[in-house]
Amino acid sequence: MPRDGRLGKTCALWMTALTLAFAITASAHETQRVDRLRLTIGWGDEPVFSGLRNSVEIDVSDAAGAPVTDPEGSLSAEVSFGSQRIVLPLQPAGDRPGKFRAWLVPTRPGSYTFHVTGTLKGQAIDVTSTCSDQTFDCVTDASDIQFPAKDPSAGQLADRLSRELPRAERALEAAGKARSLAIVGIAVAALALAGAIGLGARKGRKGA
């Protein structure tokens, strides 16, 4: 095969591989349209593991796909997990126009929701996206990738401590009551002994 033919085939294979890689990456985010803007929402690093630093990542582009920047704009992301919520400011990523990030450490595996609000280019933003097979990755337990030993996470240790602490408090309370009773018993015994000694002494004096 001529050299140019092999080179062309190699380039085609590389382009196919890059296209597939981009498709896989893009499938881990969700794109929503807000009037003239397109917001692509997901995690900065996927797959996502509990206890590891990550970020909420938002890419903003116009209808033609060009990155949107607005120094006067402002975005924030409310991250929710069950009934718990935190609001984080989305800051422009200096290396890539149109990209915004908010750093956090997801401490529990499970389902997370991002609620993005703010204003860009005079356009009000209010979109919500929840992790799923069709949007972005849910958080996986970090023990799935631990080797050779699976150590408990900080969250698991905190849960264990919260369960064990009431037991320890009850044990200390019981020990305190037992100690108080023991002190009372010793005091009563000492008084009884003192009384017996005093009684014996009086009888001795009367006998004399």
Original post:
Restricting the first residue to region 45-62 and requiring it to be within 21 Å of Q123 (Cα to Cα), which pairs with a second residue that is β-branched (V, I, T) and in a loop (DSSP other than H, G, I, E, B) meet a Cβ separation below 8 Å and a spacing of at least six or different chains?
Top reply: V60/V68; S61/V68; D62/V68
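To keep it simple, each residue is scored yes or no on (1) surrounded by 16 or more Cβ atoms within 10 Å (Cβ to Cβ); (2) at pLDDT 95 or above; (3) closer than 11 Å to L37 by Cβ.
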residue: A63; (1), (2), (3): no, no, yes
residue: R85; (1), (2), (3): no, yes, no
residue: P89; (1), (2), (3): no, yes, no
residue: R101; (1), (2), (3): yes, yes, no
residue: S111; (1), (2), (3): no, yes, no
residue: G118; (1), (2), (3): yes, yes, no
residue: I125; (1), (2), (3): yes, yes, yes
**OP:** Would you tally the residues in region 40-53 being farther than 13 Å from L90 by Cα and either in contact with a strand residue (DSSP E or B) (Cβ under 7 Å, 6 or more places away or on another chain) or in a strand (DSSP E or B) (or both)?
**Re:** 7
Original post:
Hey, among the residues in region 29-46 that are more than 13 Å from T128 (Cα to Cα) and surrounded by fewer than 15 Cβ atoms within 10 Å (Cβ to Cβ), which one's modelled with the highest pLDDT?
Top reply: D45
**OP:** Identify, by number, the condition in (1) buried (at least 16 other Cβ atoms within 10 Å of the Cβ); (2) at pLDDT 95 or above that G73 doesn't meet.
**Re:** (2)
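The values are calculated or read from the model by the stated rules, or taken from the named source; none is laboratory data. Small disclaimer: the values here were computed from a predicted structure and weren't measured. Virtual Cβ from ideal backbone geometry, glycine too; neighbours counted across all protein chains shown.
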